[in-house]
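Worksheet: one structure, shown below.
The values are calculated or read from the model by the stated rules, or taken from the named source; none is laboratory data. Here the structure is a predicted model, which is why all the values come from computation and not from measurement. Glycine gets a Cβ as well: all are built from the backbone with ideal geometry, and neighbour counts include every protein chain shown. SASA here: full protein model, heavy atoms, side chains in, ligands and nucleic acids out. Shrake-Rupley method; radii C 1.70, N 1.55, O 1.52, S 1.80 Å.
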Amino acid sequence: MAALLQIEDLATHIRLHRGEVVAVDRVSLQIQSGETVGLVGESGCGKTMLALSVMRLLPPGGLFAAGRIEYQGVDLIRLPERRMRAIRGSEIAMVFQDPSAALNPTMAVGDQVAEGASVHFHVPRKEALERAVEALAKVGVSGAAEVASRYPHQLSGGLRQRVLIAMATVCRPKLLLADEPTTAVDASVAQEIMESIQAVKQEMGLAVLLMSHDRALVEGWSGRILEMRAGRLVDPGQSRSSEPSEGPRTPLPPSAWGLG
């Protein structure tokens, strides 16, 4: 069966004033429909840049130096931006690791969750807001209609994370990229957030790429685990019980660019 997502020999570089950084270094992996794949690695190893590459949301100076990112057989790298916008958010969605940066402080959270439904489904604002409240409820937000009227600063860290998950799943995508979804919350809230992701995964049949520096978290929620170091995968395809046999080549130390 063809993979939902097939990444082949991907190299993503970032041009800086002091030179070119290899952020993702010849990575190949695949994710099947409905599968949860865990990606473990320390901060700065390239996990976030890999996800942003799939979303085609590279930072200034970012470029694809080599490889392919095939989603349902279509190479996303070579798609016109108009077609990529139609896929981004509706079929492939991302939960960003920092709610404070990802959420707009000037908009009610309901409007932010509803925006995806408005853009991709072209529904009236009232219907989009109804879908937003439904999406919030599905990720475990109590009193979702009331929460939808609040602003990000009025919510706890755990609630803001749930809002990000609702934003990512309101359009019922096929693939969810979850980048450190339990950042800056305590263990009990982290468990609840992961249960929310699992619930929407099962209900929607989502495939999930779960990225974290926390191996124990990833092992608890993933069917298959990969490890990333300095932009490269270590023994891709190994099972959760395996340990990497060798380290990768290091183009530059992760601290040189500060990317997760």
Distribution output for the stretch 95-143: share of Cα-Cα pairs per 5 Å bin in percent, first bin at 0, values 5, 21, 25, 27, 18, 4
Over all viewing directions the Cα convex hull of the stretch 127-168 casts an average projected area in nm² of 2.6 nm²
Other residues with Cβ under 13 Å from the Cβ of V123 give, with Lys and Arg +1 and Asp and Glu -1, a net charge of -1
For the chain, the percent of all C-alpha pairs falling in each 10 Å bin, from 0 up to the bin holding the max distance, is 7, 31, 36, 21, 5, 0
per DSSP, antiparallel bridges as share of beta bridges in the chain, % nearest 5, sits at 55 percent
The chain accessible area per residue, 1.4 Å probe, protein heavy atoms, integer Å², reads 44 Å²
For the chain, the accessible surface attributable to carbon and sulfur atoms (probe 1.4 angstrom, ligands and nucleic acids excluded) amounts in percent to 51 percent
Extension length gain for S33 and E91 (0.36 nm per residue less Cα distance), in nm, is 19.7 nm
Any aspartates and glutamates whose Cα falls less than 14 Å from that of K126, other than same-chain ones fewer than 8 residues away, would be D111, E115, E134
Rounded to the nearest 10, the angle in degrees between the Cα long axis of helix 187-204 and the longest principal axis of the Cα atoms of the chain comes to 80 degrees
So, with points 7 Å from each Cα along the Cβ direction, the A65-H153 label distance in nm works out to 4.2 nm
All alpha-carbon distances of the stretch 162-237, grouped into 5 Å bins from 0, give the whole-percent distribution 3, 14, 27, 25, 16, 12, 3, 0
Per the charge dipole of the chain (beta-carbon charges, Lys/Arg positive, Asp/Glu negative, Cα centre), the residue among A2, A230, L209 reaching farthest to the positive end is A2
Most packed first (mean Cβ within 10 Å per residue), the peptides 67-75, 204-212, 164-172, 55-63 order as 164-172, 204-212, 67-75, 55-63
To the nearest 10 degrees, the tilt of helix 157-169 (Cα long axis) against the first principal axis of the alpha carbons of the chain is 80 degrees
Computed over the chain, the relative contact order (Cα-Cα under 8 Å, seq sep at least six) in percent reads 29 percent
Computed on Cα atoms, the radius of gyration and Dmax of the stretch 16-124 in angstrom are 15.8, 48
